[in-house]
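The values are calculated or read from the model by the stated rules, or taken from the named source; none is laboratory data. Quantities reported herein were computed from a predicted structural model and do not represent experimental measurements. Counting neighbours? That spans all protein chains shown, and the Cβs are built from the backbone with ideal geometry, glycine included.
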Amino acid sequence: MPPKQNGETEHDLQDADFAKAFQELNRGEQTASALENHLAALEAKIDELLAATGQQDHSQSSSSGSSSTSQNSSGQQAS
């Protein structure tokens, strides 16, 4: 604890330390909240990208699937 100044009592110093700790805790809570919000935004963006990639993969597999089906049908008709 810092030395007493201007007639401060030990109780006053403890109160000041408690107030400072509370302010630091509050600042930490605000930082944590901001990080959680940022993380949620990143997760939403990742979900959007995955959904877009999934749709792209699905449409590509549907196109290639129908092409291979056409080839199989053509191949079977030729036999």
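Here Thr31 clears all of (1) hydroxyl-bearing (Ser, Thr, Tyr); (2) modelled with pLDDT of 95 or more; (3) surrounded by fewer than 10 Cβ atoms within 10 Å (Cβ to Cβ) except the condition numbered (3). State whether the residues of the range 6-28 include one that is loosely packed, with under 10 Cβ neighbours inside 10 Å, assigned to a loop (DSSP other than H, G, I, E, B) and modelled with pLDDT of 80 or more. Yes.
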